[in-house]
Amino acid sequence: MARSKIQKWRFNKLVQVIVASLLNKYDFFMCIEGGTGIGKSTLAYHIAHKVSLEFKRLYRLDHDTVEYYYERVGRKTGLSEEEFVDKLLRLKEAEAYKFSPKKCLIYTQDELQKSLASWNSVSIPDEMINITFNRDFYSEKQKDIIKMLNMFRDHENLSICCVPLFQNLDTQIKNLTKMKITVKKRGVAIIHTPNNVIYCRDKWDSATNEKIERQWITKKLVRPNYSQLTTFRGLVKFPPLTKSQEKAYQQVKNDKRAVVLKDDMGIKEEDEKEKFDPFADLMERLENGGIKSGHMINGYALSMGMTPSSLRNKMKKELIKRKKSDVLGSYIVTKKARKEEMAGIE
């Protein structure tokens, strides 16, 4: 059987799809998945930045840009050219879809709720840390966030969520996702959109696509044919950030991750002159009985940009180095039981 030709998207096409949806009075909730350090945040940055630039062209009333979106959105929604231009000028006055990494990068539930309640905004919930965890210290506002995602779908917001694995998201959140992008390697990503179904409960056809993927694994295919996936729409390439963009963006990420660790996880303020070490703090809390569940370790892992398994392995090595038991579960018990066990080990 001949191999199907893989459809490739220009990055500008991806931007136009998003902008057209926003101009059509819909929100655009999308997810980017992929391993740590593979480029999820880079792609999210490029999408947010390019969408903002596209709106700036509209605000300048660039003839070709305005004509393109009027024919694809304005005319179809029954607007005259004057009414469409008036709409653009109102968005300009409201500074809609302005992209600022410091404002748009989100790590806390409060920031996410504020973004969802606003109009015509751009947000990047990095790692979706406060939504994907539904237990322990992330449980209180989870239901409220899901309600807001449903209630405010007409606020015309762009939300670009970064997650390690899309399948681990809450089912309701997956059903609200308009586009999923899987970063396979640096600079290359796969675009998926849900199937237009009536009776099927799973718009992402997870069972079928999982079978297809398992066949690739069994056959040890180096270059699988992604067009076989029922949700596949194409491939898109994206460049790395410039050095200045990378430096500024990473600083914002570091600062906001520190807020999650300090505020959401009850970590005390450190001397501003000293560099905060989240791993050292985690180990101290572990040995002092401050870790009440494995979900807290998961929270530390995502805040540190690590997978939970990698962090656990690092913790075990550190405990062995300190000549202590490397059974993490033995530390996540009552303080009294932990002291008795540690006394017996020593």
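Coordinate-derived values only; no laboratory data. Owing to the predicted nature of the structure, the values given are computational and were not obtained by experimental measurement. A quick note on method: Cβ atoms are made from the backbone with ideal geometry, for glycine too, and the neighbour counts reach across all protein chains shown.
Summary of computed values
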| item | result |
| --- | --- |
| Trypsin sites (Lys or Arg not before Pro) restricted to the stretch 52-121 and DSSP loop, no more than 16 other C-beta within 10 Å | Arg60, Arg75, Lys76, Lys98 |
| Linear extension gain, Ser293 paired with Gln167, 0.36 nm per residue minus alpha-carbon span | 43.1 nm |
| Highest-first arrangement of 241-248, 16-23, where packing means the average Cβ count within 10 Å | 16-23, 241-248 |
| The stretch 155-211: chymotrypsin sites (Phe, Trp or Tyr not before Pro) in DSSP coil with no more than 10 other Cβ atoms inside 10 Å | Tyr199 |
| Pairwise centroid distance, computed over Cα atoms, of the stretch 65-108 with the stretch 196-261, Å | 27 |
| Near-label residues of the stretch 39-63 by backbone N, under 16 Å of a point 7 Å along Cα→Cβ of Ser310 | 39-42 |
| Distance between the stretch 1-57 and the stretch 151-191 - C-alpha centres, whole angstrom | 11 |
| Reach of Lys219 by Cα under 18 Å, taken over lysines that are not fewer than 8 positions away in the same chain | Lys211 |
| Extension gain (nm, one decimal) between Asp110 and Gln228, 0.36 nm per residue minus Cα-Cα | 38.5 nm |
| Listed residue pairs exceeding 32 Å between alpha carbons, taken from Lys40/Lys324; Lys143/Lys178; Lys98/Lys184; Lys56/Lys203 | Lys40/Lys324; Lys56/Lys203 |
| GluC sites (Glu not before Pro) within the stretch 1-106, DSSP loop, no more than 16 other Cβ atoms inside 10 Å | Glu95 |
| Inter-site label distance for Asn24 and Lys243 at 7 Å from Cα along Cβ, in nm | 4.3 |
| Principal axis dimensions, the stretch 8-242 - Cα atoms, whole angstrom, descending | 58, 44, 42 |
